[in-house]
1. Of the residues that sit in segment 182-231 and are polar (S, T, N, Q) and in contact with an Asp or Glu (Cβ under 7 Å, 6 or more places away or on another chain), which one is surrounded by the most Cβ atoms within 10 Å (Cβ to Cβ)?
2. Report yes if some residue within segment 306-317 is in contact with a Pro (Cβ under 9 Å, 6 or more places away or on another chain) and of a type in the set (Phe, Trp, Tyr); otherwise report no.
3. For segment 467-490, check the following and say yes or no: at least one residue is in a helix (DSSP H, G or I) and in contact with a strand residue (DSSP E or B) (Cβ under 7 Å, 6 or more places away or on another chain).
4. Looking at Pro568, Pro549, which one is touching a Phe, Trp or Tyr at 6+ places or on another chain (Cβ under 9 Å) and of a type outside the set (A, V, I, L, M, F, W, C)?
5. Only residues that are in contact (Cβ under 8 Å) with a residue 40 or more places away in the chain and surrounded by fewer than 18 Cβ atoms within 10 Å (Cβ to Cβ): list them for segment 237-247, please.
6. Could you list all residues from segment 89-102 that are part of a strand (DSSP E or B) and among the charged types (D, E, K, R)?
Amino acid sequence: MAATALTALGPALAQAAPLLAPVFTDHAVLQRGQPIRVWGAARPGEAVELSLDEAKATATADAQGRWSTTFPAREPGAALTLTAQTSGERQTISDLLVGDVWLCSGQSNMEYPLRRSLAGEAEAANSADPNIRLLQTGRTSLPEPTTALPKEAAWRPATPESANNFSAACFFMGREIKKTTGVPVGLIDATWGGSVIQDWISREGLHALGGYDEGLAVLADYAKSPDLGMANWSAMLGRWAAKAEPQAATWNRPDFDDRDWKTMPAEQFWETNPGLETFDGTIWLRATITLTAKQARQGATLSLGPIDDLDTTFVNGREIGSSQGWDRPRNYRIAPGVLKAGPNLIAVRAIDTSGGGGAWGPAAQKGLKFDDGSFAPLGATWRYKVSATIAQSGLPPTAPWVGTSGLSTLRNGMIAPLVPYGVRGFAWYQGEANVAEPQTYQRLLTALVADWRSAFKAEGGGPDLPFLVVQLADFGPRHTAPVESGWAGVRDAQRRTAAADPKVGLASAVDIGDIYDIHPANKQQVGHRLALQARKLAYGETTLVAAGPAPLSATLSGGAVVVRLDQPAVVQADVRPVGFELCDAAGGCRFAEAALTGEGVRLAVPAGFSPAKVRFAWADSPILNLYGVTGLPATPFEMAVAP
């Protein structure tokens, strides 16, 4: 941990809190070429004097105790010392470098540590570089923005110890940027595996985007009172269910006849049952517990173990709780008077959005624990009935305060403490958690870019900060016929976001994934491709080819569809490109014979077929052999065919 020196100028202030915001520690990198923003906290109305080596500045704390100031822009040079002091406190941090700062964020593939990458032990052993500085924010999810970072979050020079668990993709990108520019590089790792993009956008950004106000209102209620927030979210989930599965309106009632329902084990994910191997959606679970009169008179706690991902649970037709979290045990309090002597119905609406689903965990731990300490087991099986797939129902409203699947909570806990630290740009690797809603991802990614640019915009304005996006790697089974693909949909949303913004760069990973592992180890190539985009967008190498071929247009001409590309393309390991599809207006798609032309690719149209759109590499794990002359893969896409 970086050391912070506090000097008490009065005996009563010996344990005073640091004056500087927690992002300022020993070994930090300050962004070159722009005014250096410094801020922190002091007593309301107190004057703060600052020095950055020979440069001086002053500030006054406002009514909430916040203060901020700026120092003139600097270029790289000798290490600096920053001091802040008031009439009763003093804080000094040292060994500060001026260089370029990059904020790296996203889910698990950006979080993926250096030690696990290809040749990770060797990479970590050779990572030492005093001119590369690393800051990890840690994982924090909050319903409201904070200015705090975990006490262990501090800038550290790159060493085998500090780099070992740092983001591999971010480190490899930064190492190449430092080698190319010759200036110190500061890298910030603010990542959380499994997180949706909505959780990284501010409340204001989501409100401006539209469609999230109900969830944001519940989040605000939760910040005031968790019980109030829980109750309002449960009601929100109930309203969604009433529209998504009206046929299930009576499935929670004891008088509903479920004798034709199938059964499943009470301690396994439902994918282990025939016919449910790939099921994502809503399934109802029912079980009956028979009680004595003595048991029924008591209060009790119903323990169901973890349920993946969301549940609403009923006892004898009365809702007793809702919860979210694939690994969070469900323990619901039942007040006296709800239970009865004889059969008691336990009904659970379980919703799984991806991966394993349903109630799991040891069956012996599931049941009713009564106030007198006795226990009535649930039993070894559930009766169940499928209600709706995710494709039929759409995604449910998740609990907006739950980190990784909520609204704004990671922005509040992990990005807000960094604002408005000077940065050169951003690197973003996320999207796997949003493949169930690819149709909204472009709007969300565009909103994230705008939100972060606004928060970190350089003092006095300036051009938009570069935003580098990793296009999702291939993962999952391959198919012999065209299929719909949420992964391909997110990749195309990423492509369209970059095509619409000259300061958004796309670093494709579609050819360097692992169809059996959602976390491919080749993060060196990811970092290299991010660095190429950084060189082009942030460092003035405007003629650098930083990505593979991308489509400009698709036109029907002379019995063929001609796809014009933005650069020359080559075919690897064959004479013809593979992976092109033509689709008609009804959504029927078929693979197309393709051939390279001078400006792109020509696709033969089968007799009697009317193409409305063209797709390329449209699959979770596409087979791809079309590349640019520099060896970067052509981007997957979907595009309407113009007449």
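1. Within segment 182-231, the first condition is being polar (S, T, N, Q), and the residues that meet it are 191, 195, 198, 202, 225.
Imposing the further condition that a residue be in contact with an Asp or Glu (Cβ under 7 Å, 6 or more places away or on another chain) reduces the set to 191, 202.
Details: Thr191: 28, Ser202: 22.
Once the filter is applied, the top-ranked residue is Thr191.
2. no
3. Looking only at segment 467-490, we keep the residues that are in a helix (DSSP H, G or I), and these are 486-490.
Then drop every residue that is not in contact with a strand residue (DSSP E or B) (Cβ under 7 Å, 6 or more places away or on another chain), which leaves none.
No.
4. Values: Pro568 fails: touching a Phe, Trp or Tyr at 6+ places or on another chain (Cβ under 9 Å).
One residue alone meets the criteria, Pro549.
5. Filtering segment 237-247 down to residues in contact (Cβ under 8 Å) with a residue 40 or more places away in the chain leaves 237-238, 240-241, 244-245, 247.
Listed by number, the residues that qualify are Gly238, Trp240, Gln247.
6. Restricting attention to segment 89-102, the residues satisfying the condition of being part of a strand (DSSP E or B) are 90-102.
The answer is Arg90, Asp95, Asp100.
Rundown of residues vs (1) under 27 Å from Gly99 (Cα atoms); (2) aliphatic (A, V, I, L, M); (3) not in a loop (DSSP other than H, G, I, E, B), yes/no style:
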site	(1), (2), (3)
Gly413	yes, no, yes
Ala416	yes, yes, yes
Tyr421	yes, no, no
Ala455	yes, yes, yes
Gly461	yes, no, no
Thr497	no, no, yes
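Yes or no, residue by residue, for (1) touching a His at 6+ places or on another chain (Cβ under 8 Å); (2) surrounded by fewer than 22 Cβ atoms within 10 Å (Cβ to Cβ); (3) at pLDDT below 95; (4) among the small types (Gly, Ala, Ser):
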{"position": "Ala73", "(1), (2), (3), (4)": "no, yes, no, yes"}
{"position": "Leu82", "(1), (2), (3), (4)": "no, no, no, no"}
{"position": "Gln85", "(1), (2), (3), (4)": "no, yes, no, no"}
{"position": "Ile93", "(1), (2), (3), (4)": "no, no, no, no"}
{"position": "Asp100", "(1), (2), (3), (4)": "no, no, no, no"}
{"position": "Cys104", "(1), (2), (3), (4)": "no, no, no, no"}
{"position": "Gln107", "(1), (2), (3), (4)": "no, no, no, no"}
{"position": "Met110", "(1), (2), (3), (4)": "no, no, no, no"}
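The values are calculated or read from the model by the stated rules, or taken from the named source; none is laboratory data. The model shown is predicted, which means the values in this text are computed figures rather than measured ones. Here Cβ is always computed from backbone atoms with ideal geometry, including for glycine, and neighbour counts include all displayed protein chains.
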